[in-house]
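Scroll down for the structure; my scribbles are underneath it.
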Amino acid sequence: MAAPIFGLLGRKLGHSWSVPIHAALGCTDYRLIELEPEDLPAFLQQENLGGLNVTIPYKRDVMPYCDVIDPQAQAIGSVNTLCRRSDGKLYAWNTDAAGFSYMARRAGISFTGRKVVILGSGGASLTAQYVARQEGARAVVVISRSGPDNYGNLSRHADADIVVNTTPVGTYPNNGQSPVDLTAFPACKGVLDVVYNPRRTALLLQAESLAIPCCDGLPMLVAQAKAAEEHFFQRSIPDSETERILSQLRRETQNIVLIGMPGCGKSTVGAALAALTGREAIDIDQRIAARAGCSIPEIFAQGGEAAFRALEQEETALAGACSGKILLTGGGVVTVEANYASLHQNGRIYHLLRSLDTLATDGRPLSQGADLAAMWQRRAPLYARFRDAEADNNGTAEETAAAIWRDFCVHCGSERPESEHAGHPAAGDLRT
């Protein structure tokens, strides 16, 4: 018999992070399997299906081809895990339920006694509905495009306690899109989004801004993968593996973003970080110049600051949608509020601090001949708004890079709540 097939079955899988998750769990043969609907029957009849996860749009479509469906999956009405056992039968489970429950619990969001609004009516929605009801929700409402409860009459459910997005809206590369405006739910106490790329969708960014507890879909993805692997190989995997792999993925996929005054050393520290971590450093100013076909001073001379800021906003959005990079910004990136969402969606933002009298001004149109102290006074509150941590850069670039990397690794491991603190860090230190 041919080698067993392990992988993720879906139609479009360019956004998926399942392969590194399963590799970390020990399944190194796991791969992405993109199929069109007409190819599904022949594929599922193969005798060497070792273990499959199933995603959009096939979580219900595969059920008629399964010989044995777990009772919980039958109750949910969709499956996401398939195995061909030694008896030749195709078995099916829904490990998304365990993953979704883990995601909510980890975020401190309880369904007990709550009204839950679920956006979307596909396979992931069926799972969310099942878990919410099993965990004691007082009401579960499904919002679809054409059902009785739809996006045109959300006002019916302004009393919703929990909002769950099970649609792909906001998934990379369509970053920045949101299925709803959360202000439609003034009583909302928790937001869950099954999307995991980007780290923070537009929906979650709004939840953060409204101080609503929220979570992206990566904890769910990792937890369900761990449960799926247990079915694949009929073995128990320690629960601690879920947190280990989640921390690893956070570290590998989040961006390190550097902001700060013009000439504070972002490019130099970025180069040191690239050498230390092996990551690509993306200089947004360089991308702007390449796109415009001229230097930054020439852009200012031809179109003024407004023309530059427009280009900067577009290139910041493109760079911010990347994962696992080092992003080097211009000193004035914080003057455009929209840039915050672009940088924060996938990144931890570090504010480099350097003495004003040591800031370089060559090639910086707004710095040459400017009152840097006055510029600092204007921009200091904006840097404070954007940053997750401050990094003193009055020492060497290598010292600053090492301090940032230490903080980044610790943060990805703990996912501790982010907060602002007054004052500046000591040289070589960071402060969140």
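The values are calculated or read from the model by the stated rules, or taken from the named source; none is laboratory data. The shown structure was predicted, so the numbers you read here are calculated from the model rather than taken from an experiment. FYI the Cβ positions are ideal-geometry reconstructions off the backbone, even for glycines, and counts take in every protein chain you see. These area figures cover heavy atoms from the full protein model, side chains too; ligands, DNA and RNA do not enter into them. Shrake-Rupley method; radii C 1.70, N 1.55, O 1.52, S 1.80 Å.
Observations on the model:
- Of note, A401 satisfies the criterion of being modelled with pLDDT of 95 or more and open to solvent by less than 30 Å² (accessible area, probe 1.4 Å).
- Close pairs from region 282-308: first free of Cβ contacts under 8 Å to residues at least 24 places away in the same chain, partner among the polar types (S, T, N, Q) and surrounded by 14 or more Cβ atoms within 10 Å (Cβ to Cβ), Cβ under 7 Å, at least 6 apart: A289/S295
- Taking the numbered list (1) within 15 Å of Y350 (Cβ to Cβ); (2) not in a loop (DSSP other than H, G, I, E, B) in turn, F300 passes all entries but (1).
- Every condition in (1) at pLDDT 95 or above; (2) open to solvent by 50 Å² or more (accessible area, probe 1.4 Å); (3) not basic (K, R) is met by N53 except one, and the failing one is (2).
- Considering residues of region 18-46 that are assigned to a loop (DSSP other than H, G, I, E, B) and in contact with a Phe, Trp or Tyr (Cβ under 7 Å, 6 or more places away or on another chain) only, the residue most open to solvent (accessible area, probe 1.4 Å): D29
- Output for region 214-267, where each listed residue is among the aliphatic types (A, V, I, L, M) and assigned to a helix (DSSP H, G or I): L218, M220, L221, V222, A223, A225, A227, A228, I245, L246, L249
- Which numbered condition G99 fails, given (1) open to solvent by less than 10 Å² (accessible area, probe 1.4 Å); (2) in a loop (DSSP other than H, G, I, E, B); (3) within 24 Å of C215 (Cβ to Cβ): (2)
- Condition broken by G88, with the remaining ones in (1) open to solvent by 10 Å² or more (accessible area, probe 1.4 Å); (2) more than 17 Å from L49 (Cβ to Cβ); (3) not in a helix (DSSP H, G or I) satisfied: (2)
- Residues satisfying the stated conditions in region 56-68, i.e. over 17 Å from K89 (Cβ atoms) and open to solvent by 70 Å² or more (accessible area, probe 1.4 Å): I56, R60, D61
- If only residues of region 244-269 that are over 14 Å from the mean Cα position of the chain (by Cα) and among the polar types (S, T, N, Q) are counted, the one that is least open to solvent (accessible area, probe 1.4 Å) is S267.
- Of all residues in region 248-275, those that are in contact (Cβ under 8 Å) with a residue 40 or more places away in the chain have Cβ atoms under 9 Å from Cβ atoms of residues that are assigned to a strand (DSSP E or B) and of a type in the set (D, E, K, R), 6 or more apart or on another chain, in Q254/R348; N255/R348; I256/R348; V257/R348; K266/D283; S267/D283; G270/D283.
- Scope region 268-288; condition within 19 Å of R251 (Cα to Cα), assigned to a helix (DSSP H, G or I) and not hydrophobic (A, V, I, L, M, F, W, C); matching residues: G270, T277
- Flag if R309 is in a helix (DSSP H, G or I) and more than 30 Å from E252 (Cβ to Cβ): yes
- Taken over region 309-327, the residue count meeting the criterion of being open to solvent by 20 Å² or more (accessible area, probe 1.4 Å), free of Cβ contacts under 8 Å to residues at least 40 places away in the same chain, within 18 Å of G176 (Cα to Cα) and not aliphatic (A, V, I, L, M) is 2.
- Taking every residue in region 374-401 that is under 25 Å from T277 (Cα atoms) and pairing it with any residue that is open to solvent by less than 10 Å² (accessible area, probe 1.4 Å) and among the charged types (D, E, K, R), at least 6 positions away or on another chain, the pairs with Cβ-Cβ distances below 8 Å are D388/R348; A389/R348.
- Selection from region 69-85 of residues that are open to solvent by less than 30 Å² (accessible area, probe 1.4 Å) and either more than 30 Å from A132 (Cα to Cα) or among the hydroxyl-bearing types (S, T, Y) (or both): S78, T81
- Odd one out for A124, checked against (1) surrounded by fewer than 18 Cβ atoms within 10 Å (Cβ to Cβ); (2) modelled with pLDDT under 95: (1)
- Put simply, of S209, S236 the only residue that is surrounded by fewer than 17 Cβ atoms within 10 Å (Cβ to Cβ) and under 18 Å from the mean Cα position of the chain (by Cα) is S209.
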